[in-house]
Amino acid sequence: MDIKTKKQNYDGIVRLETSGEIKEIIFKEDFLKPDKSAIQICFRGKSSSGIVELNKTELEKIYKDTIPKLNLLKSPKIMRFKK
């Protein structure tokens, strides 16, 4: 997993990039406030780690936008022709 972010700093914009493996997915639920539930994706790299937290609507949007395009991620066929 690769993560790229931009952050406003006192001397300008700082760009951060990191990568790592997804280690754990945590479903955070609150029975008293069901609208506050979230999914946490925990990752760890060589020199970095972090948690990406998504709420229900964000996860549904990612799912809805990704599923129709999933067949585009297949590996391409390379065709060679002799002249």
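The values are calculated or read from the model by the stated rules, or taken from the named source; none is laboratory data. On a predicted model such as this, the values are computed, not experimentally measured, just so you know. All Cβ positions, glycine included, derive from the backbone under ideal geometry; neighbour counts span all protein chains shown.
Here are some notes:
- Number of the condition not met by residue 39 [criteria: (1) in contact with a helix residue (DSSP H, G or I) (Cβ under 8 Å, 6 or more places away or on another chain); (2) part of a loop (DSSP other than H, G, I, E, B)]: (2)
- Filter result for the condition that a residue is outside any strand (DSSP E or B) and modelled with pLDDT of 90 or more, over 58, 53: 58
- Filter result for the condition that a residue is surrounded by 10 or more Cβ atoms within 10 Å (Cβ to Cβ) and more than 15 Å from the chain's Cα centre (by Cα), over 60, 29, 53: 29
- Considering region 62-81, and only residues there that are part of a helix (DSSP H, G or I), within 24 Å of residue 19 (Cβ to Cβ) and of a type in the set (D, E, K, R), the residue that is modelled with the lowest pLDDT turns out to be 69.
- Any chance residue 66 is among the polar types (S, T, N, Q), within 15 Å of the chain's Cα centre (by Cα) and loosely packed, with under 10 Cβ neighbours inside 10 Å: no
- Among residues of region 2-22 that are in contact (Cβ under 8 Å) with a residue 40 or more places away in the chain and within 11 Å of residue 50 (Cβ to Cβ), those with a beta-carbon under 9 Å from a residue that is of a type in the set (Val, Ile, Thr) and surrounded by 10 or more Cβ atoms within 10 Å (Cβ to Cβ) at least six positions away or on a different chain give the pairs 3/18; 3/52.
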